[in-house]
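The values are calculated or read from the model by the stated rules, or taken from the named source; none is laboratory data. Keep in mind it's a predicted model, so treat the numbers as computed, not measured. Note: ideal-geometry Cβ built from the backbone for every residue, glycine included; neighbour counts use all protein chains shown. The area values use the complete protein model at the heavy-atom level, side chains included, leaving out ligands, DNA and RNA. Shrake-Rupley method; radii C 1.70, N 1.55, O 1.52, S 1.80 Å.
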Amino acid sequence: RNRTGPLPRRIASHKIPVDRISRSAIRVVESLQKANYETYLVGGCVRDLLLSRIPKDFDVATSATPEEVKKVFPRARLIGRRFRIVHVRVGREIIEVSTFRKQIGPNDTSNYIEHEARDGVIVRDNVYGNIDEDAFRRDFTVNALYYDPANNTVLDFVKGMQDLGSRTLRLIGNPKVRYQEDPVRILRAIRLAAKLDFTLEKSTATAITPAGETLNVVPSARLFDELNKLFMSGKAKRAFELLLKFNLLGILFPLASDSTDLVTAALHSTDQRIAQEKPVTPGFILAALLWNPYQSQYNSRATIGTPQENQFDAARTVIREQQHTIAIPKRHAFFMRDVWHLQSRLERRNPRSILPLLEHRRFRAAYDFLLLRAKNAEVEPGLVQWWTAIQTLNPTEQQEQISALPPQKKKRRRRPKRENA
C-alpha cells in the first residue's frame, strides 16, 4: 500500500537483545513477509525489549487483512468484533496479529457512523490503512515502535525512542480527544506509568481528571479486565496512588471509603507476593477496597436477623452495588465474601470451630487479611499472635492451646410469646 505520512526514523543501533525475542513471533513475521506482506513486531514487546525487560507476549502488525493472515496460517482464529485480530498458534504460544489501522474522521462518511458513537467513543476499529496511519492511531509514543527482525531495524514515526530515553509516557495526538475515543486509555496511562516508572507528560496527565467521568461509559466487564491488569502488574501500590491523585477512585469504586490505609497495605502485600512469584488474586484487593462498606452494611443490620444472615446480606448488597461499575466474576465475589465472613470467626476463637477453621480453604487468605487489619489497628496484636502460633503446633499442642481458651457464652434463644387463649 502507498504511504501517505512522513518517513520513519530507521534505527539500527537500538541494542534489542535478539535472544529474548520469541522464535514463534519471528516465524510469524517471516511467514507473512515471505507472502509479500509488510510485517513487524510492534507495541509493548518492542518497548520492553528496548528497556531490557522480558516481554510478557509478542504482537505482530501487518498489511495483511485478517482473512489474508488466515490464508497464510489456515489454523489461525479470527476473534473480536470491535477490533478484529488473528490469533496464530505456534506450538504452545499464541501470537496476536493485527492489521494496520487508520483513524477515521467525520469526513469519511462511509465509515464514521460505524466507527464512532455520538460522544466520540470508538465502537469499531476495523478500518484498515498503512503503517504510517497505524503508527499515529496507536495510544502512546513508546507503544508505536515497529521492529523488523529481517534487518534488525526499529521504525519510529512519533519520536517514541526519544520518549523511551527520557522515560516519558506521552499520548499521540490531543489527549482530550484520545481519552474520549477510548476512556480505558486513562487506566492504561496509569498502569504503564506505574509499571515502567515513567513520568506522565504534562498534557497527557492534565487531561486525565476532566476525562475521568467517561469511564462510566466503559462496559463493566472491560473495566474489571483493565483493573485486573492494573493491580496485578507488581506495581499496584503506585498505580493506586495515581488513581487517588487523579480523583478516579470514587468513579471506579463509589462505595469505597476515604480511609485507604488497609487498601494500601493490601496492595503492598500483593506487590511483594508477585515479586516473590507467589499466587495472588484480585479478590483480596477488592475485599480490602470494600471492607469498610461491608462493615457499614453489616452494622446497619445489627438489630435484624442473625449474625450469619446479616453477613450474607451485607456482602451481597455491597458486591451487587459495585457490579454496576465493575463486573466482579463470581469466583472473586465468593472469595471476598468468605474472607469477610471469616473475620468474625477468627476474632471469636470459638474452641469448637478452631480446627475446622484451620482446614477452611480460605483460612490462609482470611488470616492474611487479619494481619493487615492488625497493622491498621482494627484488631489486637495478641489475636494475630495466637493464630500465628497455633499454625506451627502439632495436633496435641493445638488441642492444649484450644483448651486454654475461655469457654464461649451460650446465647439464649428467645422463646416466642404465648398468645392468650
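Rounded to the nearest 20 debye, the dipole magnitude of the chain is 1360 debye, with +1 charges on Lys and Arg beta carbons, -1 on Asp and Glu beta carbons, and the Cα centre as origin. With all protein chains in place and ligands, DNA and RNA left out, the 1.4 Å accessible area ranks Ile326, Ile94 as Ile94, Ile326, largest first. Couplings for segment 89-100, taken from phi via the Karplus curve 6.51 cos²θ - 1.76 cosθ + 1.60 with θ = phi - 60°, read 8, 10, x, 8, 9, 10, 9, 8, 10, 10, 7, 3 Hz in order; Gly and Pro are left as x.
On the beta carbon distance between Arg53 and Ala327, with R0 = 25 Å, the FRET formula returns roughly 0.25.
Across Glu38, Glu321, Glu213, the residue with the most accessible area heads the list, and the full order at a 1.4 Å probe is Glu213, Glu321, Glu38. In this view, the solvent-accessible surface of Asp261, computed with a 1.4 Å probe and all protein chains in place, comes to about 100 Å².
Using a simple spin-label model with pseudo-atoms 7 Å out from Cα toward Cβ, Leu405 and Asp313 lie 2.7 nm apart. The sum of -39500 (n - 2.57) across all DSSP H runs of n ≥ 4, divided by the residue count of the chain, sets its helix-only mean residue ellipticity at 222 nm to -14000 deg cm²/dmol. Relative to the globular-protein estimate of 2.2 N^0.38 Å, the Cα radius of gyration of segment 187-338 stands at 1.08. Based on alpha-carbon centroids, what's the gap between segment 4-63 and segment 268-317 in Å, whole number please? So the separation of the two Cα centres works out to 43 Å. Between Lys375 and Leu78, the modelled label-to-label distance comes to 5.1 nm, taking each label 7 Å out from Cα in the direction of the beta carbon. Tell me the angle of helix 184-196 to the major Cα principal axis of the chain, expressed in degrees between 0 and 90 and rounded to the nearest ten. The answer is roughly 80 degrees.
Can you pick out the pairs among Lys195/Lys229; Lys56/Lys195; Lys176/Lys235; Lys195/Lys278 whose Cα atoms lie more than 22 Å from each other? Flagged as over cut-off: Lys176/Lys235.
Could you point to the label whose value was computed as Cα Rg over 2.2 N^0.38 Å for the structure here, given [x] 1.22; [y] 1.29; [z] 1.07? Checking each listed value against the structure points to [x]. Heavy-atom accessible area, probed at 1.4 angstrom with all protein chains present, ranks Ser22, Ser52 as Ser52, Ser22, highest first. Computed from Cα atoms, the angle from the helix 291-300 axis to the main principal axis of the chain rounds to 40 degrees. Between Arg9 and Ala35, the modelled label-to-label distance comes to 3.3 nm, taking each label 7 Å out from Cα in the direction of the beta carbon.
Here's the picture: charge each Lys and Arg Cβ at +1 and each Asp and Glu Cβ at -1 in segment 276-421, and of Ile304, Thr317, His332 the one pushed furthest to the positive end of that dipole is Ile304. The stretch between His268 and Ser296 holds 7.6 nm of extra length on full extension. This uses 0.36 nm per residue minus the Cα-Cα distance. Of the residues Pro351, Thr206, Asn394, the one whose Cα sits farthest towards the positive end of the charge dipole of the chain is Pro351 (charges of +1 on Lys and Arg Cβ, -1 on Asp and Glu Cβ, taken about the Cα centre).
How far is helix 363-375 tilted off the main Cα axis of the chain, in degrees rounded to 10, range 0 to 90? Its long axis makes an angle of about 90 degrees.
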